[in-house]
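Working notes, structure below.
None of the figures in this text is laboratory data; all of them are computed from the coordinates on show. Here the structure is a predicted model, which means the values were calculated and not measured. No Cβ is skipped: glycine too gets one built from the backbone with ideal geometry, and neighbour counts run over all protein chains shown.
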């Protein structure tokens, strides 16, 4: 499997991610007990998107100088397509996280801490999943057809619509955790664990963190195969995925109040997944240029966003 990734590029990228996480963590510590304001979330969202765009620009310049304009254009478009795809699919995470926080009555100030560690865990887990996925694709090319079939199935599920208000208490993982872990009945500030009479207990905040991580693993099962349909380059898959995840916490607080208003977005995501799934299934028949995939994703997201805005105005 051909990749532009070199040890130096991977090292530089992970160093950049580490610096960004440190900045985010320091900012969190300074305002640990304060809920995130919409304006602050908007500024952070703009900052994360700007960093992602700057990374794309830096990648293009590097490739233009080392490999030529054609490859630079190709890989940059692959990055943008993957980034948009991951960013749009991540919006579904917002819906699930909102339900989890509501089920456990987690106040906004504590949501910040859960999502900080949740995003950190997602970065680690997705990095592992991506490298495993890249190895499977390289060793067993037929895996792409399984990915394609799965994405078609997932796309149809999106088009059918989500279950209305699923009960978090029915989750098998939650039942297992409550059966095997000592859990306090109430929150204890920012603590994930407390000692009572010398015995270590987990707080409900720890349960929420596990559920947040588990939800991201579930969504990764959709998103990682999808991005492999956009590009088979592990470096592009990794960078687009992680850059989208880095801004996920800010996006959550920005969209928390508006998530329910994105009425047509799930249908748009379903159409995109169907498109990508069929694209993977037709790899041996037709090679689709990356600009078509990128354009299709942009157009579908734009149309579904416009339809959602129009729908909300009609409901007012």
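Over the chain, what is the relative contact order in percent, taking alpha-carbon pairs closer than 8 angstrom and at least six residues apart?
33
Helix 108-139 versus the longest principal axis of the chain: what is the Cα-based angle in degrees, 0 to 90, to the nearest 10?
40
For residue 187 paired with residue 159, estimate the spin-label separation in nm (one decimal), with each label point 7 Å from Cα along the Cα-to-Cβ line.
The answer from the label model is 4.1 nm.
Counting other C-beta atoms within 10 Å, which of 77, 53, 288, 251 has the fewest, and how do the rest follow?
Placing the least packed residue first, the sequence is 53, 288, 77, 251.
Mind checking the angle between helix 234-246 and the chain's longest principal axis? C-alpha axes, 0 to 90 degrees, to the nearest 10.
40
Rounded to the nearest 500, what is the 222 nm mean residue ellipticity of the chain from helices alone, with -39500 (n - 2.57) per DSSP H run of 4+ residues and division by all residues? Display every interim value, and only then the final one.
Numbers: 11 runs with 238 residues, N = 316.
Theoretical 222 nm ellipticity from helices: -26000 deg cm²/dmol.
Mind listing P(r) for segment 190-316? All alpha-carbon pairs, 5 Å bins, whole percents.
Here the calculated profile for segment 190-316 is 2, 8, 12, 17, 18, 13, 10, 8, 5, 3, 3, 1, 0, 0.
Give, in nm to one decimal, the length gained when the segment between residue 218 and residue 51 is fully stretched (0.36 nm per residue of separation minus the Cα-Cα distance).
Contour length minus Cα-Cα distance gives 57.5 nm.
Among rounded, prolate and oblate, which fits segment 1-112 when a ≥ b ≥ c are the square roots of the eigenvalues of its C-alpha gyration tensor, a/c under 1.5 means rounded, and a/b larger than b/c means prolate?
It comes out prolate by the Cα gyration axes.
Would you mind giving the three semi-axes, in whole Å and largest first, of the ellipsoid equivalent to segment 38-315 according to its Cα gyration tensor?
Largest first, segment 38-315 gives 34, 21, 20 Å.
Could you work out the relative contact order of segment 170-235, using alpha carbon pairs under 8 angstrom and six or more residues apart, expressed as a whole percent?
For segment 170-235, the relative contact order is 25 percent.
How large is the convex hull of the C-alpha atoms of segment 46-117 per residue, in Å³? Provide the component values of the computation, followed by the final result.
Working: hull volume 6.7 nm³, N = 72.
In segment 46-117, the Cα hull volume divided by residue count equals 93 Å³.
Can you tell me the 0 to 90 degree angle between the C-alpha axis of helix 38-66 and the longest principal axis of the chain, rounded to 10?
30
Please compute the length gained on full extension between residue 65 and residue 43, using 0.36 nm multiplied by the number of residues separating them and subtracting their Cα-Cα distance.
4.6 nm
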